[in-house]
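What follows is a short report on a single structure.
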Amino acid sequence: MISVGRTQFSSSLNKLYNTYPDLSVMLKTGSTEYIENHVLLGQIDVAYTIGSLNNKKIRYKK
């Protein structure tokens with residue numbers, strides 16, 4: 001399994017926190033299917049995946 005480390009997100013997160021100091025962010029890891037299911041359940045607002053994007057109930061943006 002390939003893992004995307006927090007270092008790839010640290011610059012973006014720093015910009016978000018500087019712009020929105022009260023922002024709360026939780027990073028979750030898991031398979032693409034796990035992340036997709038949590039998006040559909042409303043438990044994740046934004047997802048970053050590296051697997052195949054096949055769920056027809058989700059609108060993907062590259």
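The values are calculated or read from the model by the stated rules, or taken from the named source; none is laboratory data. Because the structure is a prediction, the values reported are computed rather than measured. Quick note on the areas: whole protein, heavy atoms, side chains included, nothing else; ligands and nucleic acids left out. Shrake-Rupley method; radii C 1.70, N 1.55, O 1.52, S 1.80 Å.
Structural remarks
- Contour minus Cα-Cα distance for S24 and N54 (0.36 nm per residue): 7.9 nm
- Relative contact order for the chain, counting Cα pairs under 8 Å that sit 6 or more residues apart, in percent: 21
- Where the chain is the region considered: accessible area per residue in Å², 1.4 Å probe: 94
- Stretchable slack from Y17 to N37, in nm (0.36 nm times residue separation minus alpha-carbon distance): 4.5 nm
- The chain: calculated mean residue ellipticity at 222 nm from DSSP helix runs of at least 4, using -39500 (n - 2.57): -10500 deg cm²/dmol
- Across region 57-62, rounded Karplus estimates of 3J(HN,Hα) from the backbone phi angles (6.51 cos²θ - 1.76 cosθ + 1.60, θ = phi - 60°) give 8, 10, 8, 9, 9, 9 Hz, Gly and Pro being marked x.
- Percent accessible area from carbon and sulfur atoms, the chain, protein chains only, probe 1.4 Å: 50
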